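The values are calculated or read from the model by the stated rules, or taken from the named source; none is laboratory data. Model, not experiment: these values are computed from the prediction. Using ideal geometry, Cβ is built from the backbone for each residue, glycine included, and neighbour counts are taken over all protein chains shown.
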C-alpha cells in the first residue's frame, strides 16, 4: 500500500502575496489553471483580508469569480475576521482557512490581534462558516517563532489548537511563517497539538527561509501528518527577510516524497514547467531546487 | 548532556573544486584561516588528483605548504590512487580521505575505475597511509545515485563499506555527490553500512542539489551519525547540474543543529561573515539560506 500525501498548493495566495511582482487577474487564473493541469486538487486561491494591508490580494473576489468551477479543485479562501469570512462565503469559496496567530508581537502587527483575540475571533466566525456548509480549516501562524520576539511558547500553540477544535475546525495547520522551525521542534509541536486537540486533522505549513523546509516536511510525514502546504516555485518570500526564500517548493516536496515511494497525485514535469512559466510571469527567478537541477533520475 | 555533532568543512576542496571562480593560493589560505577563526577544526583543504582532471586543485601542494600548522585544525587531503596518496603524504596531510565510487558509469568517467577497482585501489593504498601514521578515512561517492545510470544498488554500497573496513578505514562517509538522496534512503543505507561494516565510524556527505540536504542531515543525526560534511556558503555545485546548489551549507547545518540544542563548536556569525566574504572572492552569490536570511532568533 502506497501512502498518500496530499499537497495543498499555496502559491496563488501565500506565494503571490509576498512577491514583488504584480500579476493580473488573468495571469493568476492562468497560474491556477496550470497548477490544476499538474494535478493540484486543493489550493489557496485567494485571501479576503484588508486590501490596504495586503494589496496583492485585493483582486481575490475577481480571481474567485473567474475560477473554472467545472474542475474538481477545492479552492480555499483565507480570512482572519468576520468581514473576510462574509466576503469569502460570497465568493463561493470551497473551504475557508482561518488564520490564528501564536506570536503576540507578530499578531499585533499582522492582524491587530493577540493570540487569544485571534482564537476568540475564530470562535465568533466559525458558526457563520459551518452554517453555510463550508469546510473550515485553520492555520496557526508563527507557530515556531515570532520575528519580533523570538521563540513562541508551545503552550500557546497547544491552547490555540484546543480552542480551534472546540470551534469546529476540521483541519489545523501549524505555520512556520518565518522559517524558524527545526525538525525536532516540528515533532514536539505536533505531539503537543495532538494531545490538546486530538480530533483535528493536522496539516503543516513550512517556509524554507533557513533551508530546513524539507527537513521539517520529512519530520512531519514521519510523525504521521498526511497534508503539506507548498508553493510552486517556492515563491512567497517573507516580508521580514527580503532576500530569503519562500514556502517549501511544491516540486521539491513532490520530488522528495515520490522518490521515497509516496504518492502525491502531482505531475512533477508539469510543476517544473509551471515554475518556469512563473519565472517569466514574475520577471525574476524562483527559488525551487528542482526548477534548476531537474529531477533525479531525469524525467 | 548536550550531544556534539562535528562538522567537517569541505568548502576549500569540494566547494572550490566545482566553482566557476579561480581563487589564488593566498585567497584559499585566507578562506581556510577564516574558517579556522569560526571554529572549524577538521577540513578538506585540498585534493591530490590529476591536475588535468581537476585543474582547480592543481595548487593543493602550495595550499598545504602555506597552512598555519600552529593551529589545531586537522587538514584532510583527498586522494583516489597511489600517486595521490604519495603526494598527500609528502604534503604532510593530517588525514587522507580516499574516494571510493558506488556508480559504475560515474566511476569510469570521474576516476577511470569501477566500484570494485576503486575498492581494490583503496586496499592497495591503505598500508602506505597507515604505515605513515596518517588517519585514513574514505568517502563512497554517488552512494545514492549515479548521474548517468540512475539508482545505485544498496548492495554495492554495503560491499564497498565492508572492503573499506577490511582495508583499515577508521571513518567512512556516504556521499550524495549529486543530490539524489531522500531522508528515507539515508536511513536505509546507514543501516546497511552498519551491518556490513560495523567497526567504522560513519560520516555523511550531502549535496543540496534538490533541496533535501538538511532533511538528509536530520535523518542521519537521528540515526546516530555524529559527523557531517558541509561547505561554507553551500558552494560546490555539481558539474552535472550547472545551475544547482552545492554541498549543504555549513551555516545552515549549524543553525539547524544549534537551534535544536546540539553543539557544533562553530561560530554562526563568523560563518555567515565568511560566506559573505566568499561572495566577494568568488564574484557571485553563494547558495546558503543563512547568508541571506540571517539567524533566528537574530544573533
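At least 2 residues that are out of contact with any helix residue (DSSP H, G or I) (no Cβ under 7 Å at 6 or more places or on another chain) in each: list the strands (runs of 3 or more DSSP E) lying fully within the range B:1-89 that qualify.
Details: elements: B:6-9, B:42-47, B:74-79.
Once the strands (runs of 3 or more DSSP E) in the range B:1-89 are filtered for at least 2 residues that are out of contact with any helix residue (DSSP H, G or I) (no Cβ under 7 Å at 6 or more places or on another chain), what remains is B:6-9, B:74-79.
Looking only at the range A:98-121, which residues are surrounded by fewer than 21 Cβ atoms within 10 Å (Cβ to Cβ) and part of a loop (DSSP other than H, G, I, E, B)?
A:112, A:113, A:114
Can you confirm whether the range B:207-217 contains a residue that is more than 12 Å from every other protein chain (Cβ to nearest Cβ) and closer than 25 Å to residue B:155 by Cβ?
No, the range B:207-217 contains no residue that is more than 12 Å from every other protein chain (Cβ to nearest Cβ) and closer than 25 Å to residue B:155 by Cβ.
Among the numbered criteria (1) within 14 Å of another protein chain (Cβ to nearest Cβ); (2) touching a residue at least 24 places away in the same chain (Cβ under 8 Å), which one does residue A:129 miss?
So residue A:129 meets the others, but not (1).
Quick one: in the range B:192-201, which of the residues that are buried (at least 20 other Cβ atoms within 10 Å of the Cβ) and under 19 Å from the mean Cα position of the chain (by Cα) is nearest to the other protein chains (Cβ to nearest Cβ)?
Our first condition is that a residue be buried (at least 20 other Cβ atoms within 10 Å of the Cβ); within the range B:192-201, this holds for B:193, B:197, B:200.
The next check asks that each one be under 19 Å from the mean Cα position of the chain (by Cα); those that pass are B:193, B:200.
Details: B:193: 19, B:200: 26 Å.
Only one residue fits best here, namely B:193.
Hey, could you check the range B:140-156 for residues that are within 10 Å of another protein chain (Cβ to nearest Cβ) and not in a loop (DSSP other than H, G, I, E, B) and say which is farthest from residue B:107 (Cα to Cα)?
Filtering first and then ranking leaves B:150.
Which residue, of B:189, B:87, is away from every other protein chain (no Cβ under 14 Å) and either crowded, with 17+ Cβ neighbours inside 10 Å or under 21 Å from residue B:11 (Cα atoms) (or both)?
Details: B:189 fails: away from every other protein chain (no Cβ under 14 Å).
One residue alone meets the criteria, B:87.
Can you tell me how many residues within the range A:248-272 are away from every other protein chain (no Cβ under 12 Å) and either in a loop (DSSP other than H, G, I, E, B) or without any contact (Cβ under 8 Å) to a residue 24 or more places away in the chain (or both)?
4
Among the residues of the range A:278-287, is there at least one that is surrounded by 20 or more Cβ atoms within 10 Å (Cβ to Cβ) and either touching a strand residue (DSSP E or B) at 6+ places or on another chain (Cβ under 8 Å) or part of a loop (DSSP other than H, G, I, E, B) (or both)?
Yes - at least one qualifying residue is present in the range A:278-287.
Only one of A:151, A:94 is out of contact with any helix residue (DSSP H, G or I) (no Cβ under 9 Å at 6 or more places or on another chain) and over 27 Å from residue A:182 (Cα atoms); which?
Values: A:151 fails: over 27 Å from residue A:182 (Cα atoms).
The match here is A:94.
Which of the numbered conditions does residue B:275 fail, given that it passes all the others? Conditions: (1) assigned to a loop (DSSP other than H, G, I, E, B); (2) away from chain A (no Cβ under 12 Å); (3) in contact with a strand residue (DSSP E or B) (Cβ under 9 Å, 6 or more places away or on another chain).
(1)
Inspect all residues belonging to the range A:137-158 and state whether any of them is modelled with pLDDT of 95 or more, surrounded by fewer than 18 Cβ atoms within 10 Å (Cβ to Cβ) and under 20 Å from the mean Cα position of the chain (by Cα).
no
Can you name every residue in the range A:280-299 that is in contact (Cβ under 8 Å) with a residue 24 or more places away in the chain, more than 23 Å from residue A:212 (Cα to Cα) and within 12 Å of another protein chain (Cβ to nearest Cβ)?
A:299
If we scan the range B:167-181, do we find a residue that is touching a residue at least 24 places away in the same chain (Cβ under 8 Å), surrounded by fewer than 24 Cβ atoms within 10 Å (Cβ to Cβ), over 23 Å from residue B:43 (Cβ atoms) and more than 14 Å from every other protein chain (Cβ to nearest Cβ)?
yes
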